[in-house]
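Bear in mind these aren't lab numbers, they're just calculated from the coordinates by the rules spelled out. On a predicted model such as this, the values are computed, not experimentally measured, just so you know. Ideal geometry is used to build each Cβ from the backbone, glycine not excepted, and the neighbour counts take in all protein chains shown.
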Amino acid sequence: MRNKRLLARMNVLTVGLWVVAALLVLPACQKKSDPEATGEGAGPAADNQSAGTRTDLHEAAGLVPLDIVLPKPMFVGTPQNLRVPNLQKPLGHPRPMFLAPAGTKNVAANRPVTSTDEEPIIGEIEMITDGDKEAMDGSYVELGPFLQHVTIDLGAPHDIYAVLFWHFHKQARVYFDVVVQVADDPDFITNVQTIFNNDYDNSSGLGVGEDLHYVETSEGKLVDARGVQARYVRLYSNGNTGNDLNHYIEVDVYGKPVSVM
Ligand SMILES: [Ca+2]
Ligand SMILES: [Ca+2]
């Protein structure tokens, strides 16, 4: 009985290996991945053409798609007159699903938030982790001008796989100096790591970033955090193409508590 099961398992493995081999030797048939898209969802993502096969392989590796709840889109069409350097081209289709280890969830939900602007012009800082991602008035927080940041305390160290955030998606906008960092301490002194930075001219003083500017949409911006370990997540911005203020609707942090051996 056991041998039979083992044999069946090996057969599945063999078929899997053949599929992998076939994918490797048929690069001409494979759609090349769009280099513009690599900044977003650079982690393991499924391709529609072989989604079934890959899903099986990913499941075998313990990876499952993130269960992301998206808000209602508020604008359609291509934004006009956004003269922004290093602007990412729209993907033209929904973001591919993002794969992470089974059990990964939004560990930022209802976690405490601090900010350089503790008295927002509109809204309250707590709204950044309250689960409301809608675009309308009453759902976003408006922080003052210049470089501002918000910091989320996850309460304990986590393996972080993705940070997903919405600044504002009622109209097409690009936010400047978007920098996402993680650290072990609330003052960002210990083990600070930058996982996204599109401040191409280092006006923030956080270093030159090579990530692209992007247009805000209801899909939010998903940053691949590649399993970095941290307790605190900080997001910077410095105004946008619509005005010099800073906005947040929601920040999700997808991770798992660091397992204690
Ligand atoms: Ca919210
Ligand atoms: Ca800048």
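Here are the numbers for this structure:
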{"read-out": "Radius of gyration and Dmax over the Cα atoms of the range 31-261, both given in Å", "value": "17.1, 54"}
{"read-out": "FRET efficiency estimate (nearest 0.05) - Cβ-Cβ, Lys72 to Asp153, R0 35 angstrom", "value": "0.75"}
{"read-out": "Label-point separation in nm, Glu142 to Gln171, each point 7 Å along Cα→Cβ", "value": "1.2"}
{"read-out": "DSSP-loop GluC sites (Glu not before Pro) across the range 91-197, with at most 16 other Cβ within 10 angstrom", "value": "Glu118, Glu124"}
{"read-out": "Cleavage-rule hits, trypsin sites (Lys or Arg not before Pro), the range 79-137, DSSP coil, Cβ neighbours within 10 Å at most 16", "value": "Arg83"}
{"read-out": "Two-site FRET efficiency, Val64 against Asn243, from Cβ-Cβ distance with R₀ of 35 Å, rounded to 0.05", "value": "0.35"}
{"read-out": "Highest-first arrangement of 216-229, 159-172, where packing means the average Cβ count within 10 Å", "value": "159-172, 216-229"}
{"read-out": "Residues in the range 154-173 that a label on Gln229 would reach, taking backbone N under 18 Å of a point 7 Å out along Cα→Cβ", "value": "154-162"}
